[in-house]
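Here is the structure we will look at.
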Amino acid sequence: MSLTTATINRLTVNEKIMKTLKGVLNTVSNALLLPAVGIAIFLALWSITAQSIHTSLGEFPGPNAVVKQFSTLYDEHIAERKKAEAFYERQEKRNAKKLEKNPDAVVKIRAYTGKETFVDQIFTSLVTVTSGFLVAAIIAIPLGIWMGLSAKLNSAMNPIVQIFKPVSPLAWLPLVTMVVSALYVSDDPLVSKSFLTSLITVSLCSLWPMVINTSIGVSSIDSDLLNVSKVLRLPTLTHIKKIVLPASVPMIFTGMRLSFGVAWMVLIAAEMLAQNPGLGKFVWDEFQNGSSNSLARIMAAVIVIGFIGFLLDRIMLMLQRKVSWDKSSATV
Amino acid sequence: MTTTHNSEEHFLNISRIDMEFPTPSGSFTALKDVDIQIKQGEFISLIGHSGCGKSTVLNIVAGIHQATKGGVLLKNKEVNEPGPERAVVFQNHSLLPWLTSYQNVELAVDQVFRKTMTKAEKKDWIEHNLKLVHMDHAMHKRPDEISGGMKQRVGIARALAMQPEVLLMDEPFGALDALTRAHMQDSLMEIQKELNNTVIMITHDVDEAVLLSDRIVMMTNGPEATIGEILEVNLPHPRNRLALAENPEYNRLRSAVLKFLYEKQRKVEVIPTTTTAEEDQEKTPNVA
């Protein structure tokens, strides 16, 4: 009798182990195996199709050519950095010599004016998109909160928001360029015009998802929570700080994530036309350059752009999880 | 002597209230001539079928709604906006989900006593109120981490912490299971013994009304709902639900309420054929 119980127990234990094992296998295959398979199939299709597309700049680059360009781009970056270092070193030596001869001599360090490398351009793009996004957020979130609180303002603003929301950055750009040229006149500009033009264009396009989501978030706060605030007679600012903002944080963040995605997409187009030295300019310059490597270099930029966009979205999601009380709203 | 009696009689004066709501097809008269005078320290239950305007009465006293005619006087001052001296315990607790129990009560205490209490006094007062509702063990838990009954306790603690002149409760235990509800009723009686608050409570539960109240205000069906009868409950305090079950006075009061609800104010509704028995059940007060 006890023997059979033991056997049954052992059986169930075995079953349990099998079940856990199956679960682990499932997770591994979902998290690693299937994405890997997807990527492999994509790469295979890409290289097969690429071979059969012939352009005036040669064969369309396959994965191999792109990988090669990645390392070339990196080498170019290192080489350029060495050049810059050497340039500054030379200046320092020359200045030291000058000072040796004449201690009162006025010496200068001139900035290195070599061309930006791919890495520099990535950095410029990140700075531009973040600045543009922040400017948009500073305008959009207070405006959205105000619209959410006041049904009248919401009705007044709604047509404007709906009309400007779908406008392409390419339509804004000529206007922004001309306005910046006319108004931003300075002998010693803090930032370049191209940077400012790109930034404003990014802001103009990424404003709207934040405005809409924030105002919806605020206007849909549970009326019971608003009644709590009324019973306590919270002053307006306390009401916004203690009730409105925390209650709408999940929606505000949803808007911010959407906006950051829009901002990054818009940026590349804006940089292309405004000639802001970021990834957009890189793509444009390679296109104009038209060497046999250009397409592979553009493809490398495409992959980097996609990857950075994905990373930015993940960072926003992490922020949202950290800040929001409603964890269920912060899903992929 | 008469004057004191009179002012006590009129601590809270709900005076001849009419309430009309505008609808696309003309105005809808929800309340007509609702008139109650409530003494300080009195516990009043409002009972009636769904849709008879009990919540509207409560919201008018709270100041969330404005009566179309008539008005509410608290200590001879007209009520025309919400305020912490008329604290509300909402039906679905309405705690701020991003704050802990402590912080939810703190929000109220910070606002109501911002000028009169020091930081340490506020902390003591918050903890005292949470202890009063037996929630001191879960002070730093957020609403999604505690049960429905516990949330309702914190909601009561928040209302009590405002030190209100009138405590308004909108079916405070309606969403709880029967056992938790009984437990909460006992807690409320215990608190009431200590603080002797003036309370208006909406309920669907006949037993709850008889057990807790000094007077039961029974409302007629809407539209143009008004007070049908007022029943004095003269059972001695403290009340014990088990002992009361055998008490003839308790049973007389209980059947008086039931008679009012199911004979005099029997809800004659044209029940559409699609309505199921369960839905119908929901609309009638809980007798069990």
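In table form, for the structure just shown:
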| read-out | value |
| --- | --- |
| Some residue of the range A:305-321 being buried (at least 16 other Cβ atoms within 10 Å of the Cβ), more than 14 Å from every other protein chain (Cβ to nearest Cβ) and not aliphatic (A, V, I, L, M) | yes |
| Sole residue being more than 17 Å from B:VAL133 (Cβ to Cβ) and either among the aliphatic types (A, V, I, L, M) or modelled with pLDDT under 85 (or both), chosen from B:GLU171, B:GLU279, B:GLU208 | B:GLU279 |
| Filter result for B:GLY51 (in contact with a Gly (Cβ under 7 Å, 6 or more places away or on another chain) and within 14 Å of chain A (Cβ to nearest Cβ)) | no |
| Neighbours by Cβ (under 8 Å, 6+ apart or cross-chain): first from the range B:94-111, at the interface with chain A (Cβ under 7 Å from one of its Cβ atoms) and on the phi > 0 side of the Ramachandran plot; second assigned to a loop (DSSP other than H, G, I, E, B) and of a type outside the set (A, V, I, L, M, F, W, C) | B:SER94/A:ASP222 |
| Residue check, A:LEU153 touching a helix residue (DSSP H, G or I) at 6+ places or on another chain (Cβ under 9 Å), surrounded by fewer than 17 Cβ atoms within 10 Å (Cβ to Cβ), closer than 17 Å to A:MET265 by Cβ and not hydroxyl-bearing (Ser, Thr, Tyr) | no |
| Residue in the range A:22-30 that is touching a residue at least 12 places away in the same chain (Cβ under 8 Å) and either of a type in the set (Asp, Glu) or out of contact with any Gly (no Cβ under 9 Å at 6 or more places or on another chain) (or both) present | no |
| Selection count, the range B:233-269, where residues are loosely packed, with under 14 Cβ neighbours inside 10 Å, assigned to a loop (DSSP other than H, G, I, E, B) and of a type in the set (A, V, I, L, M, F, W, C) | 2 |
| Cβ-Cβ under 8 Å pairs, at least 6 apart or on other chains, the range A:109-129 side farther than 16 Å from A:HIS77 by Cβ, far side of a type in the set (Gly, Ala, Ser) | A:THR128/A:SER198; A:THR128/A:GLY278; A:VAL129/A:ALA263 |
| Candidates A:LEU170, A:LEU149, A:LEU126, filtered to the one that is out of contact with any Phe, Trp or Tyr (no Cβ under 6 Å at 6 or more places or on another chain), modelled with pLDDT under 90, hydrophobic (A, V, I, L, M, F, W, C) and in the same structural domain as A:ILE305 (by TED's automatic domain parsing) | A:LEU170 |
| The lone exception for B:ALA62 - which of (1) within 12 Å of chain A (Cβ to nearest Cβ); (2) surrounded by fewer than 23 Cβ atoms within 10 Å (Cβ to Cβ); (3) farther than 14 Å from B:ALA157 by Cα; (4) at pLDDT 85 or above it fails | (2) |
| Count of the range A:189-238 residues which are free of Cβ contacts under 8 Å to residues at least 24 places away in the same chain, assigned to a helix (DSSP H, G or I) and within 14 Å of chain B (Cβ to nearest Cβ) | 13 |
| A:SER248 being assigned to a helix (DSSP H, G or I), among the polar types (S, T, N, Q), touching a residue at least 60 places away in the same chain (Cβ under 8 Å) and within 13 Å of chain B (Cβ to nearest Cβ) | yes |
| Any hit, the range A:213-224, residues being surrounded by 13 or more Cβ atoms within 10 Å (Cβ to Cβ), closer than 30 Å to B:PRO82 by Cβ and in contact with a Pro (Cβ under 8 Å, 6 or more places away or on another chain) | yes |
| Among (1) of a type in the set (Val, Ile, Thr); (2) at pLDDT 85 or above; (3) surrounded by 13 or more Cβ atoms within 10 Å (Cβ to Cβ), the one test that B:VAL287 misses | (2) |
| Test: residue in the range B:40-58 that is of a type outside the set (Lys, Arg), within 24 Å of B:GLU208 (Cβ to Cβ), at pLDDT below 85 and surrounded by fewer than 20 Cβ atoms within 10 Å (Cβ to Cβ) | yes |
| Residue match in the range B:115-130 (condition: away from chain A (no Cβ under 14 Å), surrounded by fewer than 17 Cβ atoms within 10 Å (Cβ to Cβ) and under 21 Å from B:HIS10 (Cβ atoms)) | no |
| Failed item, numbered, when A:VAL302 is tested on (1) closer than 29 Å to A:VAL211 by Cα; (2) hydrophobic (A, V, I, L, M, F, W, C); (3) surrounded by fewer than 20 Cβ atoms within 10 Å (Cβ to Cβ) | (1) |
| When residues of the range A:256-278 are limited to those that are part of a helix (DSSP H, G or I) and over 19 Å from A:ILE308 (Cα atoms), the one farthest from the other protein chains (Cβ to nearest Cβ) | A:LEU273 |
| Some residue of the range B:158-173 being assigned to a helix (DSSP H, G or I) and over 19 Å from the mean Cα position of the chain (by Cα) | no |
| B:GLN91 being touching a Ser or Thr at 6+ places or on another chain (Cβ under 8 Å), surrounded by fewer than 22 Cβ atoms within 10 Å (Cβ to Cβ) and within 11 Å of chain A (Cβ to nearest Cβ) | no |
| Positions within the range B:65-88 being buried (at least 22 other Cβ atoms within 10 Å of the Cβ) and either more than 12 Å from chain A (Cβ to nearest Cβ) or modelled with pLDDT under 90 (or both), in sequence order | B:ALA67, B:VAL72, B:VAL79 |
| Criterion: surrounded by fewer than 24 Cβ atoms within 10 Å (Cβ to Cβ) and of a type in the set (A, V, I, L, M, F, W, C) - qualifying residue of A:LEU279, A:LEU295, A:LEU267 | A:LEU295 |
| Close pairs from the range B:19-46: first without any contact (Cβ under 8 Å) to a residue 40 or more places away in the chain, partner surrounded by fewer than 17 Cβ atoms within 10 Å (Cβ to Cβ) and not in a strand (DSSP E or B), Cβ under 6 Å, at least 6 apart | B:GLN37/B:GLU9 |
| Selection count, the range B:174-192, where residues are touching a residue at least 60 places away in the same chain (Cβ under 8 Å) and not in a loop (DSSP other than H, G, I, E, B) | 2 |
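The values are calculated or read from the model by the stated rules, or taken from the named source; none is laboratory data. Keep in mind that what you see is a predicted model, and the values were worked out from it rather than measured. For neighbour counting, all protein chains shown are included, and Cβ atoms are generated from backbone atoms with ideal geometry for every residue, glycine included.
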